[in-house]
Amino acid sequence: MTDLAVLAERVLPVLAFLVAITVVAEICDLAGVFDEAAHLAAKVARGRVVVLWLLIVALACASTILLSLDTTAVLLTPVAVTVANQVGVPPLAFAMTTLWLANTASLLLPVSNLTNLLALHHFTALGLSVNEYVALLWPPALTAIVLTVVVLWLIHRRDLRGRYDRPPRAEPHDRTLMVVSAVVAAALAPAFVAGITPAWPAIAAALVLLAVAALRAPMLVRRISVPWKAALGVAVLFVVVDLALSAGLGPWLTEVVGSGTGTAELLRLGSIGAASANAINNLPAYLALEVTADQSPVRLAALLIGVNAGPIVTMWGSLATILWAQRCRAAGVTVSWRRLAVTGLACAVVVVTGSTLALALTA
């Protein structure tokens, strides 16, 4: 098999998953699943701002883990900002919550981030099942979420105090389509950890929801945005990095990054992964650096911590951050690049370091 054929065999399932899961997320959004969930959170919180925020945190974690980080950045962000505005809370705290958790909560499942799906190929080659992947990653994944929430609270605690009078009502939606969408999305969780190639359940879910949407609300189908350009861009990145590695980039990177599975070596790998992701975007950073980690599950996990939880300093660190910034501007939320960099750097250092230490202690 030629190198190009090997690359295509690895890349095509990832691209198919990206397109399918985006269709699922878009239909869930158009059906009102995110809107209803956020407004239900406002009702359940009973006027307590901090409880509402914690419920948005839980919703952001769930959507990131089950439907990928881009879902949280693109679809949950405008809903969270709208709910915050409606209850009279500064929306920046909620916007930063969806951004940071879109990245830092994306470690637990292979489907949570495209980098995880790419790494799954090597985990499988090293003899790890999906369940063993989860067993290896859950301590750093949980650590990343907890530390992110702590840092968010410390930065935005003044805005999260107080109460609001009445929760806003969600927009009216087709209830049948909304319930079916929620059930299908929830059913993906066990499918994603069952050892099946993630693209297959994602494609099946997309087809089911497309059929139901065509029957219940055919006008919504025309509003679905399929990320063909993003998929093409990812494919181009794969080819470019593969050509660079073929030209001799791999040995040089291995010399720079080092080897070993001790705490110091894992911290070095995670830190370089985070710095590279913020410099050039997390996808090419992972693709370039995986050659330094693909012989060890623990080193692969450390690299994922860096390229998943770390790229929250620059606007181009991850595709999710770029999409999040666009949604914030559309929702009228202004975010200073300088503030994003300063607070993001503080969070990235804490989360990447803490999560890598959790990996080193439990692996």
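The values are calculated or read from the model by the stated rules, or taken from the named source; none is laboratory data. What you see is a predicted model, and the numbers here were worked out from it, not measured in a lab. Neighbour counts run over all protein chains shown; Cβ positions are idealised from the backbone, glycine included.
Structure summary
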item: Positions within segment 62-121 being aliphatic (A, V, I, L, M), in contact with a Ser or Thr (Cβ under 7 Å, 6 or more places away or on another chain) and within 30 Å of Ala293 (Cβ to Cβ), in sequence order; result: Ile65, Leu69, Ala73, Leu99, Leu101, Ala102, Ala105, Val111
item: Among residues of segment 25-40, those that are touching a Leu at 6+ places or on another chain (Cβ under 7 Å) and either at pLDDT below 85 or farther than 24 Å from Val179 by Cα (or both), counted; result: 5
item: Matching option when the condition is touching a Gly at 6+ places or on another chain (Cβ under 6 Å) and closer than 23 Å to Glu36 by Cβ, among Arg169, Arg163; result: Arg163
item: Residue that is surrounded by fewer than 20 Cβ atoms within 10 Å (Cβ to Cβ) and either more than 22 Å from Ala341 (Cα to Cα) or not basic (Lys, Arg) (or both), where the choices are Pro110, Pro139; result: Pro139
item: Scan of segment 299-331 for residues that are outside any helix (DSSP H, G or I) and either crowded, with 24+ Cβ neighbours inside 10 Å or free of Cβ contacts under 8 Å to residues at least 12 places away in the same chain (or both), ordered by number; result: Gly310, Pro311, Ile312, Gly317, Ser318
item: Residue, surrounded by the most Cβ atoms within 10 Å (Cβ to Cβ), within segment 29-72, restricted to residues that are free of Cβ contacts under 8 Å to residues at least 60 places away in the same chain and charged (D, E, K, R); result: Asp29
item: Any hit, segment 64-76, residues being out of contact with any Lys or Arg (no Cβ under 9 Å at 6 or more places or on another chain), part of a helix (DSSP H, G or I), within 25 Å of Val351 (Cα to Cα) and modelled with pLDDT of 90 or more; result: yes
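Per-residue answers, yes or no, for (1) touching a residue at least 60 places away in the same chain (Cβ under 8 Å); (2) assigned to a helix (DSSP H, G or I); (3) touching a helix residue (DSSP H, G or I) at 6+ places or on another chain (Cβ under 8 Å):
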position: Leu92; (1), (2), (3): yes, yes, yes
position: Ser106; (1), (2), (3): yes, no, yes
position: Thr148; (1), (2), (3): yes, yes, yes
position: Arg158; (1), (2), (3): no, no, no
position: Val183; (1), (2), (3): no, yes, no
position: Leu188; (1), (2), (3): yes, yes, yes
